[in-house]
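Down below is the structure, laid out as structure tokens.
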Amino acid sequence: SAEVTISNQVVTIDPGNLSLSTTYHLDIPSGAFEDLNGNSTDAFSGRGIWQFTTAAESDMTAPKLISLTPKNETDEVAVSNEFTLTFDEAVTKGTGSIYFKRVSDNVDVQAISVEDPKVLAFQSSVTVVPDPLPGSAELYITIDGGAITDLSGNNYAGINNASVWSFTTATAPDQTAP
């Protein structure tokens with residue numbers, strides 16, 4: 001048939017379109033093939049002898065940000081605060097950095113590579129634990145595209161402006177010795 005071709009010692013079977021995430025096995029009855037001398041093949045059948053499972057549908061969708069902690073435009077954020085992004089699916093660290101910037105002049109206060117242990121990815125969340133931030137400061141966070149990915153390797157687009165995640169820090173605690 002058109003689904004089976006033979007070229008020299010190679011038999012090619014084209015099964016057509018197979019269902020996703022499905023296990024198949026191949027059965028070849030005795031005598032299905034003969035060599036040039038007329039000798040028939042033995043039967044080739046039974047689950048596990050030649051079995052395979054087709055792949056699941058590919059995930060081609062980038063992770064979607066669903067919440068920020070603290071929320072955008074929060075006041076009185078502790079200078080030693082954690083910052084968490086929550087996504088609609090499991091995520092992991094990609095390649096890039098997370099930046100804490102001053103609103104007044106867009107200067108980086110801190111830049112943290114996602115490879116730094118200060119960045120933790122667990123299930124659908126990424127938490128950043130920066131060094132203490134300046135007190136009474138208007139700051140915002142940007143994130144490089146690709147710094148966070150889903151488990152299929154789809155890149156989160158990142159945050160590239162001050163309007164997505166800005167906040168004002170509380171007054172820094174007094175560290176002066178008495």
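The values are calculated or read from the model by the stated rules, or taken from the named source; none is laboratory data. Note that the coordinates shown come from a computational prediction; the quantities given were computed from them, not determined experimentally. Note: ideal-geometry Cβ built from the backbone for every residue, glycine included; neighbour counts use all protein chains shown. Ligands, DNA and RNA are excluded from the accessible area calculation, which covers all protein heavy atoms including side chains. Shrake-Rupley method; radii C 1.70, N 1.55, O 1.52, S 1.80 Å.
General observations
- Counting only residues that are open to solvent by less than 50 Å² (accessible area, probe 1.4 Å), part of a strand (DSSP E or B) and over 15 Å from Ser104 (Cβ atoms), segment 155-172 holds 1 of them.
- The residues of segment 93-112 that are loosely packed, with under 15 Cβ neighbours inside 10 Å and either in contact with a strand residue (DSSP E or B) (Cβ under 6 Å, 6 or more places away or on another chain) or not in a loop (DSSP other than H, G, I, E, B) (or both), listed by number, are Val103, Asp108, Ala111.
- Taking (1) under 17 Å from the mean Cα position of the chain (by Cα); (2) free of Cβ contacts under 8 Å to residues at least 24 places away in the same chain in turn, Ala111 satisfies each apart from (1).
- The lone exception for Phe122 - which of (1) touching a residue at least 40 places away in the same chain (Cβ under 8 Å); (2) open to solvent by 60 Å² or more (accessible area, probe 1.4 Å); (3) of a type outside the set (Ser, Thr, Tyr) it fails: (1)
- Residues that are open to solvent by 50 Å² or more (accessible area, probe 1.4 Å) and either part of a strand (DSSP E or B) or of a type in the set (Asp, Glu) (or both), drawn from segment 68-80: Thr69, Glu73, Asp75, Glu76
- Qualifying residue in segment 146-154 (condition: modelled with pLDDT of 95 or more, over 30 Å from Asn17 (Cα atoms) and part of a strand (DSSP E or B)): yes
- Which numbered condition Leu151 fails, given (1) closer than 30 Å to Ala55 by Cβ; (2) surrounded by 14 or more Cβ atoms within 10 Å (Cβ to Cβ): (2)
- Residue match in segment 130-138 (condition: touching a residue at least 24 places away in the same chain (Cβ under 8 Å), part of a strand (DSSP E or B), open to solvent by 50 Å² or more (accessible area, probe 1.4 Å) and of a type in the set (Asp, Glu)): yes
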